[in-house]
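Here's the structure, in structure tokens; my notes come after.
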Amino acid sequence: MSCGIVELLEEKVVLLDGGMGSSLIALGLEAGGCTELWNVEFPERVRAVHESYLKAGSDVVQTNTFGANSLALARHGAGDRLGELNRAAARIAREAVDSAGHGLVAGNIGPSGLFRPPVGTASPDEWRSTFVDQARALAEEGVDYFSLETFSDLEEARVAITAIRTFSELPISACLTFDRKKRGFFTLMGDTPAKAFETLVAEGACAVGANCSVGSGDMLAAMTELREAASVPLVVKPNAGLPRIADGRAVYAQAADEFAAEVAATVSLGAGAVGGCCGTDRDFIAALRSELDDMPPR
Amino acid sequence: MDERNLHERQSQAILDGEAELAVELARQAVEMGANLGDCVDHGFAKGIREVGRLWEEGEYFLPELVQGADAMKAAMAILRPEFLKDGIEDRQGSRVLLGTAAGDIHDIGKTLVATILEANGFEVVDLGKDVSNEAFVTAVAELTPAVLGMSALLTTTMPRHGEVIELLRERNLREDVKIVVGGAPLTHRFAEEIGADAYAANAMDALGAVRKLIGVKA
């Protein structure tokens, strides 16, 4: 690997990819289906999503493994297929990058879906064990770095990083999901971006940020707080805004170009890597590519 | 201890999420022959309403909310048998069925709704996330809830709500259940268009909507 994520982040604003789940639904994934099973059932469709993002200008594609930890897979009766599904996903992403001739592969890791007390009964050991298994499977197949996303509990994200660090020195990017409250932005558990980012960087995250939960407008509003909290490159991946109903159908109030303009504004305010979360597709990423290309170099 | 003092301590126990203390204060109320309805209205329930308000304000977060709700449930578990003994109906029979739409794994909002409803005395059956249309309809037929609450965080999954309502109509079950829908992308107008009975913007709103639909006072 000539240039990893750390070097790329120093060099330029990195364009990540957009939503995977909604793109797979557009390709026929049944509502309620297990997204990660498609890595073995319909690998060509997963690969097509990666390729569409690379073509739209993404510098990074994320493996289709957001819910591929054994605790989340167990809810689809696939808890014993962790290794197979993660390895297949890493292979598919690598093939897409190789055929496009550019791009990095990020091994995507999402939360277990199980909370620790008092909210739930999960233990740090339970988390650690499944994150080690998942990250190891991804690393064995060859990802360029790990991307933790959508964690709503700082402690679970911290455990995931320490789990990876028991066997791998690959770079780790860590994004939490924050809600906009009257007093500012907080995780569901009540942690501020300042506390969260400090903890994640101390554990060795090379980039930290916010994804999901809010649209680009709210994310833009959070930028000052996020930027001040991050001592390493800041990742910003909002959802595709809030939709409205027209003729009985859900349509995004926010078009791809408006999303792109707002996300580009977060770059002006200091975001170092940007992309889209739920509801964004290749059109959003292509629009964002064109905004980034029009920006003066930093 | 006079009853007003007791109510204050009961409310505070919920606010502090102290389940053991809440249980002790519920027992104390029973033993001293206090008016248990007042203990709920001016004591425990006052506390859980305040927890809900602090959550809305962004002063309390999920751990505080859950601890408050757990303390509330623990206190109600002591008081409920006493109410039944006295022939006072509690909210049994006010069963609420909840779930997140098929294809949608965002269930935190829905879980909050379940927590708030349970803390306020409703019997909640939580079907979880990623619930198929058929599973919703089957559960309505089998569990005969008074209210069905459906959640979605994605524009791609919110149409499932309308499909479930349509299925309920086809099976002649629609008239048997009131329907509340909620979730970030939803609106009043969407709820109306798909034929739901109410829209709830958040967990406290959902509590109000459920109460209104089945005619229970706060």
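The values are calculated or read from the model by the stated rules, or taken from the named source; none is laboratory data. Note that the coordinates shown come from a computational prediction; the quantities given were computed from them, not determined experimentally. Cβ sites come from the backbone with ideal geometry, for glycine too, and all protein chains shown count toward neighbours. These accessible areas exclude ligands, DNA and RNA; they are computed on the full protein's heavy atoms, side chains included. Shrake-Rupley method; radii C 1.70, N 1.55, O 1.52, S 1.80 Å.
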Item to complete: Kindly provide the set of residues from the stretch B:188-202 that are away from chain A (no Cβ under 14 Å) and either closer than 21 Å to B:VAL66 by Cα or among the polar types (S, T, N, Q) (or both), ordered by number.
Response: B:ALA200
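Going residue by residue through the stretch A:180-194, is there one that turns out to be among the charged types (D, E, K, R), away from chain B (no Cβ under 14 Å), surrounded by fewer than 19 Cβ atoms within 10 Å (Cβ to Cβ) and without any contact (Cβ under 8 Å) to a residue 40 or more places away in the chain?
To start, the set of residues in the stretch A:180-194 that are among the charged types (D, E, K, R) comprises A:180-183, A:191.
Right, trim to away from chain B (no Cβ under 14 Å) and you get none.
No, because not a single residue in the stretch A:180-194 is among the charged types (D, E, K, R), away from chain B (no Cβ under 14 Å), surrounded by fewer than 19 Cβ atoms within 10 Å (Cβ to Cβ) and without any contact (Cβ under 8 Å) to a residue 40 or more places away in the chain.
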Worksheet item: Restricting attention to the stretch A:56-68, does a residue exist that is touching a Gly at 6+ places or on another chain (Cβ under 6 Å), modelled with pLDDT of 95 or more, open to solvent by less than 60 Å² (accessible area, probe 1.4 Å) and of a type in the set (Ser, Thr, Tyr)?
Response: yes
Worksheet item: Among the residues of the stretch A:271-282, how many are among the acidic types (Asp, Glu) and at pLDDT 95 or above?
Response: 0
Worksheet item: Which of the residues that make up the stretch A:139-163 are out of contact with any Phe, Trp or Tyr (no Cβ under 6 Å at 6 or more places or on another chain), closer than 19 Å to A:LEU71 by Cβ and of a type in the set (A, V, I, L, M, F, W, C)?
Response: A:PHE146, A:LEU148, A:PHE151, A:LEU154, A:ILE161
Worksheet item: Just wondering, is there one or more residues in the stretch A:76-83 that are within 14 Å of chain B (Cβ to nearest Cβ), free of Cβ contacts under 8 Å to residues at least 40 places away in the same chain, within 18 Å of the chain's Cα centre (by Cα) and over 19 Å from A:ALA286 (Cβ atoms)?
Response: no
Fill in: Scan of the stretch A:17-55 for residues that are open to solvent by less than 10 Å² (accessible area, probe 1.4 Å) and more than 12 Å from chain B (Cβ to nearest Cβ), ordered by number
A:ASP17, A:GLY18, A:ASN39, A:VAL46, A:VAL49, A:HIS50, A:TYR53, A:LEU54
Fill in: Residues that are touching a Gly at 6+ places or on another chain (Cβ under 8 Å), surrounded by 24 or more Cβ atoms within 10 Å (Cβ to Cβ), at pLDDT 90 or above and not charged (D, E, K, R), drawn from the stretch A:213-270
A:LEU226, A:ALA230, A:LEU234, A:VAL235, A:VAL236, A:PRO238, A:PHE259, A:VAL263
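Every residue, every condition in (1) in contact with a helix residue (DSSP H, G or I) (Cβ under 7 Å, 6 or more places away or on another chain); (2) among the β-branched types (Val, Ile, Thr); (3) away from chain B (no Cβ under 14 Å), yes or no:
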position	(1), (2), (3)
A:GLU149	no, no, no
A:GLU203	yes, no, yes
A:VAL208	yes, yes, yes
A:THR224	no, yes, yes
A:ALA240	yes, no, no
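Can you name the residue in the stretch B:157-195 that is in a helix (DSSP H, G or I) and in contact with a Gly (Cβ under 6 Å, 6 or more places away or on another chain) and, of all such residues, is nearest to B:THR138 (Cα to Cα)?
Filtering first and then ranking leaves B:ILE165.
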Practice prompt. Specify the residue that is farthest from B:ALA75 (Cα to Cα); the eligible residues are those in the stretch B:40-63 that are more than 14 Å from chain A (Cβ to nearest Cβ) and open to solvent by less than 30 Å² (accessible area, probe 1.4 Å).
Written response: B:GLY52
Worksheet item: In this structure, does B:ALA34 turn out to be more than 14 Å from every other protein chain (Cβ to nearest Cβ), modelled with pLDDT of 90 or more, open to solvent by less than 70 Å² (accessible area, probe 1.4 Å) and outside any helix (DSSP H, G or I)?
Response: yes
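Here is a list: B:ALA69, B:ALA77. Which entry is closer than 20 Å to B:GLU123 by Cβ, assigned to a helix (DSSP H, G or I), open to solvent by 30 Å² or more (accessible area, probe 1.4 Å) and not β-branched (Val, Ile, Thr)? Walk me through how you get there before you give the answer.
On the way: B:ALA69 fails: open to solvent by 30 Å² or more (accessible area, probe 1.4 Å).
Among B:ALA69, B:ALA77, only B:ALA77 is closer than 20 Å to B:GLU123 by Cβ, assigned to a helix (DSSP H, G or I), open to solvent by 30 Å² or more (accessible area, probe 1.4 Å) and not β-branched (Val, Ile, Thr).
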Practice prompt. Would you be able to tell me the number of residues in the stretch B:130-156 that are at pLDDT 85 or above and either part of a helix (DSSP H, G or I) or buried (at least 24 other Cβ atoms within 10 Å of the Cβ) (or both)?
Written response: 18
Discussion item. Take the residues in the stretch B:157-170 that are surrounded by fewer than 22 Cβ atoms within 10 Å (Cβ to Cβ) and over 21 Å from B:PRO185 (Cα atoms); name whichever of them is nearest to the other protein chains (Cβ to nearest Cβ).
Written reply: B:LEU167
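Is there a residue being open to solvent by 60 Å² or more (accessible area, probe 1.4 Å), at pLDDT 95 or above and over 27 Å from A:ARG45 (Cα atoms) anywhere in the stretch A:153-165?
Of the residues in the stretch A:153-165, the ones open to solvent by 60 Å² or more (accessible area, probe 1.4 Å) are A:158, A:165.
The next check asks that each one be at pLDDT 95 or above; those that pass are A:158, A:165.
So of that shortlist, the ones also over 27 Å from A:ARG45 (Cα atoms) come out as A:158, A:165.
Scanning the stretch A:153-165 turns up at least one residue that is open to solvent by 60 Å² or more (accessible area, probe 1.4 Å), at pLDDT 95 or above and over 27 Å from A:ARG45 (Cα atoms).
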Practice prompt. Please find, among A:LEU138, A:LEU148, A:LEU170, the residue that is open to solvent by 30 Å² or more (accessible area, probe 1.4 Å) and under 22 Å from A:ALA93 (Cα atoms).
Written response: A:LEU170
Worksheet item: Among B:ASP176, B:ASP205, which is the only one that is surrounded by 17 or more Cβ atoms within 10 Å (Cβ to Cβ) and either touching a residue at least 40 places away in the same chain (Cβ under 8 Å) or away from chain A (no Cβ under 14 Å) (or both)?
Response: B:ASP205
